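What follows is one structure encoded as structure tokens, with my remarks underneath.
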Amino acid sequence: MGNSNKRILDSVHGYIQVSDNLMKNVIDTVYFQRLRRIEQTSTRALFPSARHDRFIHSLGVYHLGHLIIEALKKTEKCESFPSNKEVVFNSYELACLLHDIGHSPFSHTFEEYFDNDKHNLSQMLEDEIGNDDFRADSFHFLKKAAPHEKMSAWVVIKAFGNYVQQNADLELVVRMIIGCKYQDEVNKSFENAFIDLIHGDIIDADGLDYVKRDSWASGYSTASVDSERLISAIRVHCGEDGKWQVCYSPKALNEIEAVLAVKTYQQKNVITHHTVVFEQALLKKAMESAAMYHFGYPDTEDKEIRKNALEQLCDVDAYLSEIKLGSSKVPLIYPDDDDFISLMKYTHNDKYVKQWLSRNYEYVPLWKSTAEFFALFPIMHKMLYSSNCWLFSDKCKEFICKETGTNIFDVWSLEATGTDKGVKASKVNFLIDDKVIPYTDIYSDDKNCYEFKAKPFRYIFIHKSLKDQIPSLIGKLRSQVEYHLFG
């Protein structure tokens, strides 16, 4: 991607080198600089030191992507790579840099509101790319792609399309960001391998950066990952069937297990922590109230009205141009965390806004972890339960209201299943004696396979004024669970 002329000191990776060309045409633009004001994680309510943003994360992913390319160029297989390898390399580095360019304020918290009836992000992407192959391939992947991935791909096309076309393959960059592989698994398997190296199931430049950065910034202690050693072990191997795939030399085993361990820890103990789950739900409630206030909606608890108001605020068009906020003289453009906080501050006398701004929460959980949940409800331990079970249903909320004398709006049933792609150790392959060996074959029937699978799980929160009733309420819920399971 050109000669490196700018050095940026990163506390996680050291110096990151970026060419003047990339600085001018990508990084020093309003679209990329916006990422400096969007927090990387949703965990600061739990880890106050986790003060890092999508800007430095994106630079970190670009840095790791560049190191991966340089490591692959040094392997003995590089000479046999397809003739379009430089285009793929350039596309990969740009995808690494731009993969989060469309993240919404507060990262994942509001992304679901941007994909709505007004803006069908999947259709918008298909229309922009405009070819039948992409439409056919994206049918399998766009349903699984996260809204922020589709928004990022759309912003790349609209804001950086010409630049990307001059330096790489625009469609391939889009595919890398949304994880849309080519269905032609032979002729396009080399491109698909690099899609895995940014949008893989477990080890990719994106995941490798946040595994290191999130644990560093948050302060929690877990396995240490030597990214340089791991990257030096990456191979893109062509098998006897003519298909290219990502593999690792055996020397990477310890580092792969470290990545698996950290991701498992994050899923089980960070992302689904009761404080994180509640704070995100409260933030959504507060921003719904802010959207209703600024667009002139009536004050209500009606779910559909509140959702519609927030969807009106979460308008992807604001990434590129101004949108009007009701009768306000101040428009919204290049939205970031600060914009949303400002809108909340000017929302008068809303209980959700006051709680979020002060962190003086008015609700407490009935249980604080999956371990406590199974201790309280051992009957559920071996049951295949889901979000449809009675304990996590509206019927349960109604039961709690009846027993405690509260209203339905003061009982919050919040899903706490990890949103990450999950730890899929079976997708990791080693290259041993020129043969591809799956990680799980090495540890067959061993718990060290790290094949972590999160069960659907929820917390239930009630108003803190009812805290003294929690022990008796738990007992009544136990009886009800047994009744609804066995009649």
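The values are calculated or read from the model by the stated rules, or taken from the named source; none is laboratory data. Owing to the predicted nature of the structure, the values given are computational and were not obtained by experimental measurement. All Cβ positions, glycine included, derive from the backbone under ideal geometry; neighbour counts span all protein chains shown.
Data overview
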{"quantity": "Residues satisfying the stated conditions in the range 338-369, i.e. within 17 Å of Trp412 (Cα to Cα) and of a type in the set (Ser, Thr, Tyr)", "calculated": "Tyr352, Tyr361, Tyr363, Ser369"}
{"quantity": "Members of the range 97-115 found to be among the aliphatic types (A, V, I, L, M) and outside any loop (DSSP other than H, G, I, E, B), listed by number", "calculated": "Leu97, Leu98"}
{"quantity": "Some residue of the range 192-199 being in contact (Cβ under 8 Å) with a residue 60 or more places away in the chain, surrounded by fewer than 19 Cβ atoms within 10 Å (Cβ to Cβ) and not in a strand (DSSP E or B)", "calculated": "no"}
{"quantity": "Residue match in the range 54-72 (condition: over 19 Å from the mean Cα position of the chain (by Cα) and assigned to a loop (DSSP other than H, G, I, E, B))", "calculated": "no"}
{"quantity": "Qualifying helices (runs of 4 or more DSSP H) (wholly inside the range 206-320; at least 3 residues being within 30 Å of Thr347 (Cα to Cα) and free of Cβ contacts under 8 Å to residues at least 60 places away in the same chain)", "calculated": "274-295, 303-313"}
{"quantity": "Any chance Lys263 is surrounded by fewer than 19 Cβ atoms within 10 Å (Cβ to Cβ) and not hydroxyl-bearing (Ser, Thr, Tyr)", "calculated": "no"}
{"quantity": "Count of the range 178-195 residues which are more than 12 Å from Ser138 (Cβ to Cβ) and modelled with pLDDT of 95 or more", "calculated": "8"}
{"quantity": "Close pairs (7 angstrom Cβ cut-off, 6 or more residues apart or separate chains): without any contact (Cβ under 8 Å) to a residue 60 or more places away in the chain in the range 50-63, of a type in the set (S, T, N, Q) anywhere", "calculated": "Asp53/Gln40; Arg54/Gln40; Arg54/Ser107"}
{"quantity": "Tally, over the range 73-96, of residues that are among the charged types (D, E, K, R) and in a helix (DSSP H, G or I)", "calculated": "5"}
{"quantity": "Tally of residues being under 24 Å from Asn90 (Cα atoms) and of a type in the set (Asp, Glu) across the range 28-68", "calculated": "1"}
{"quantity": "The lone exception for Trp367 - which of (1) at pLDDT 90 or above; (2) within 30 Å of the chain's Cα centre (by Cα); (3) exposed (fewer than 12 other Cβ atoms within 10 Å of the Cβ) it fails", "calculated": "(3)"}
{"quantity": "Scope the range 116-146; condition in a loop (DSSP other than H, G, I, E, B), more than 10 Å from Cys180 (Cβ to Cβ) and of a type in the set (A, V, I, L, M); matching residues", "calculated": "Ala146"}
{"quantity": "Residue within the range 341-350 that is outside the structural domain of Asp53 (by TED's automatic domain parsing) and under 23 Å from the mean Cα position of the chain (by Cα) present", "calculated": "yes"}
{"quantity": "Any hit, the range 90-108, residues being modelled with pLDDT under 95 and within 15 Å of the chain's Cα centre (by Cα)", "calculated": "yes"}
{"quantity": "Residue in the range 466-476 that is outside the structural domain of Arg235 (by TED's automatic domain parsing), in contact with a Cys (Cβ under 9 Å, 6 or more places away or on another chain) and modelled with pLDDT of 95 or more present", "calculated": "no"}
{"quantity": "Condition check for Lys212: among the basic types (Lys, Arg), buried (at least 19 other Cβ atoms within 10 Å of the Cβ) and modelled with pLDDT of 90 or more", "calculated": "yes"}
{"quantity": "Gly14 vs. criteria on the phi > 0 side of the Ramachandran plot and modelled with pLDDT of 95 or more", "calculated": "yes"}
{"quantity": "Selected residue [in the same structural domain as Tyr113 (by TED's automatic domain parsing) and under 30 Å from Ile437 (Cα atoms)] from Ala159, Ala233, Ala168", "calculated": "Ala233"}
{"quantity": "Candidates Asn308, Asn349 - the one that is surrounded by fewer than 20 Cβ atoms within 10 Å (Cβ to Cβ), within 30 Å of Leu46 (Cα to Cα), at pLDDT below 95 and out of contact with any helix residue (DSSP H, G or I) (no Cβ under 8 Å at 6 or more places or on another chain)", "calculated": "Asn349"}
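Here is a yes/no grid of residues against (1) within 15 Å of Val12 (Cα to Cα); (2) among the aliphatic types (A, V, I, L, M); (3) in contact with a helix residue (DSSP H, G or I) (Cβ under 6 Å, 6 or more places away or on another chain):
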{"residue": "Ala168", "(1), (2), (3)": "no, yes, yes"}
{"residue": "Val173", "(1), (2), (3)": "no, yes, yes"}
{"residue": "Cys180", "(1), (2), (3)": "no, no, yes"}
{"residue": "Glu185", "(1), (2), (3)": "no, no, no"}
{"residue": "Lys188", "(1), (2), (3)": "no, no, no"}
{"residue": "Ala193", "(1), (2), (3)": "no, yes, no"}
{"residue": "Asp196", "(1), (2), (3)": "no, no, no"}
{"residue": "Ala205", "(1), (2), (3)": "yes, yes, yes"}
{"residue": "Val211", "(1), (2), (3)": "yes, yes, yes"}
